[in-house]
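The values are calculated or read from the model by the stated rules, or taken from the named source; none is laboratory data. Small disclaimer: the values here were computed from a predicted structure and weren't measured. Cβ sites come from the backbone with ideal geometry, for glycine too, and all protein chains shown count toward neighbours. We work out accessible area using only protein heavy atoms, side chains counted, and drop any ligands, DNA or RNA first. Shrake-Rupley method; radii C 1.70, N 1.55, O 1.52, S 1.80 Å.
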Amino acid sequence: MKVINVVGARPNFMKIAPIQREMDKHKDFESILLHTGQHYDEKMSKLFFEDLELPQPNIYLNVGSASHAVQTAKIMVEFEKVLIDEKPDLIVVVGDVNSTAACSMVAAKMGVKIAHVEAGLRSFDRKMPEEINRLVTDTLSDDLFVTERSGLDNLKREGIEEHKVHFVGHVMIDSLIHFAEKAKKSLIKKELNLESAPYALVTLHRPSNVDNRENFVKLLDAFEIIEKDILIIFPIHPRSRKMISEFGLDGRIKAMKNLALLEPLGYLDFMNLLHSAKLTLTDSGGIQEETTYLGIPCLTMRENTERPVTIEMGTNILVGHDTELIVKETKKNPCGQRKKRRYSTPVGRQGGKENC
Ligand code: UD1
């Protein structure tokens, strides 16, 4: 079976790594790794290939950044040529980025089967580009691999035939487990002088938070209060860095002496910091799940989540961009008491054995 494994953006890499590794073990698969180039900076892409021991992509589409329509269209034009040349039996797409939906649309129209890994998640918020990508990809997919029970309910409600849906757990948690020992060896805490210091880990990049000045300012207001109690480590996404400059907020960030703004980190360094964080403040999807697996308190700076299991398990709380709520929830847990509940099987299968 000839398979094209598709990646495009940072959150795809840790999801495709275990799948690519497994396919490479089996002679009945001829697997091709394709990178659309949606993310292209060394720190957003190349570093992840090294950390996750991914082979160099066999095909690189070099699409880069653009508006949604242009980026999606560029991926589609280039991916169509690849499907004509390679004639695969199946494409595997992961997550919910523009590359996921764009490649699915091309494959569906060319009669190539699609497997979607991390299917069925719904935020019910169509203002999120990822929600549109999830809906499009799931509608078109032939096999839908689901990480949590809410995904099964969503797909059933949307009329997806049961035989297409497979409840398998989360390949991202497989990566977390697979690389845990290697991540422990990262020297990032030493480099940052964090070996004994408690810290909160922050990530922020959603357009709803960082492309809107008012919302971004509300989050900075909260960070200004929090940093008086706990050191904040903030590896910053290029989109957020750009918006800080555009909004003239550099001065406010610099004035926070207990906030360390870092370049985007590789997978192993980030995992190392995550494992020891007292608390995370994030608007990422994946970090909500990784903190649930690790039992680390997570404040999600969004109004909704497509990953409700993280809230049910007790590690995750939605705080939006509400300054007061963020501060209140942070102060509730100043020592970063670990939460007891973690994922039950099959999400993070191996992890489930230890807990629940
Ligand atoms: C994308 C995904 C989002 C995911 C996020 C993780 C979509 C719709 N969004 O958002 O779901 O959570 O990746 O990072 O697919 N940029 C660089 N270097 C890069 C990549 C991006 O500087 O390597 C900058 C550019 O200014 C670009 C902006 O970041 O315009 C946004 O990049 P884009 O890929 O459009 O979306 P993300 O915000 O990264």
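So in segment 20-46, with the set limited to residues that are among the hydroxyl-bearing types (Ser, Thr, Tyr) and surrounded by fewer than 24 Cβ atoms within 10 Å (Cβ to Cβ), which one is nearest to the chain's Cα centre (by Cα)? Here the answer is SER45. Quick check on PRO57: is it more than 10 Å from the ligand (Cβ to nearest atom) and touching a residue at least 40 places away in the same chain (Cβ under 8 Å)? Considered against the rule, which asks whether it is more than 10 Å from the ligand (Cβ to nearest atom) and touching a residue at least 40 places away in the same chain (Cβ under 8 Å), PRO57 comes out as yes. Take the conditions (1) farther than 21 Å from MET44 by Cβ; (2) touching an Asp or Glu at 6+ places or on another chain (Cβ under 7 Å); (3) among the aromatic types (Phe, Trp, Tyr); PHE223 misses just one of them, which is (2). Applying the condition of being in contact with a strand residue (DSSP E or B) (Cβ under 8 Å, 6 or more places away or on another chain) and of a type in the set (Gly, Ala, Ser) to segment 102-120 and asking which residue is nearest to the ligand (Cβ to nearest atom) yields SER104. Scanning segment 238-276 for residues that are more than 19 Å from LEU194 (Cα to Cα) and in contact (Cβ under 8 Å) with a residue 60 or more places away in the chain yields a count of 1. For segment 37-52, the criterion of being among the aromatic types (Phe, Trp, Tyr), within 16 Å of the ligand (Cβ to nearest atom), out of contact with any Ser or Thr (no Cβ under 8 Å at 6 or more places or on another chain) and part of a helix (DSSP H, G or I) is satisfied by at least one residue. One residue alone among ALA69, ALA17 is at pLDDT 95 or above, surrounded by 19 or more Cβ atoms within 10 Å (Cβ to Cβ) and part of a helix (DSSP H, G or I), and that residue is ALA17. Please indicate, with yes or no, whether at least one residue in segment 134-145 is away from the ligand (no atom under 16 Å from the Cβ), in the same structural domain as ILE16 (by TED's automatic domain parsing) and among the charged types (D, E, K, R). The answer is yes, given that some residue of segment 134-145 is away from the ligand (no atom under 16 Å from the Cβ), in the same structural domain as ILE16 (by TED's automatic domain parsing) and among the charged types (D, E, K, R). Within segment 307-323, being of a type in the set (S, T, N, Q) and part of a loop (DSSP other than H, G, I, E, B) holds for one residue alone: THR315. Restricting attention to segment 121-154 and to residues that are among the hydrophobic types (A, V, I, L, M, F, W, C) and assigned to a strand (DSSP E or B), the residue that is most open to solvent (accessible area, probe 1.4 Å) turns out to be PHE145.
Being open to solvent by 10 Å² or more (accessible area, probe 1.4 Å) and under 24 Å from MET14 (Cβ atoms) is the requirement here; does GLU312 meet it? Here the answer is yes, as GLU312 does meet what is asked. Restricting GLU191, GLU214 to those that are free of Cβ contacts under 8 Å to residues at least 12 places away in the same chain, under 24 Å from ASP269 (Cβ atoms), in the same structural domain as ASN272 (by TED's automatic domain parsing) and not polar (S, T, N, Q) reduces the list to GLU191. Within segment 286-309, if we keep just the residues that are in contact (Cβ under 8 Å) with a residue 40 or more places away in the chain, closer than 24 Å to VAL217 by Cβ and in contact with a helix residue (DSSP H, G or I) (Cβ under 7 Å, 6 or more places away or on another chain), the residue that is least open to solvent (accessible area, probe 1.4 Å) turns out to be MET301.
For segment 194-211, the tally of residues that are open to solvent by 20 Å² or more (accessible area, probe 1.4 Å) and without any contact (Cβ under 8 Å) to a residue 60 or more places away in the chain stands at 4. Scanning segment 223-251 for residues that are under 13 Å from THR282 (Cα atoms) and more than 16 Å from the ligand (Cβ to nearest atom) turns up PHE223, ILE232, ILE233.
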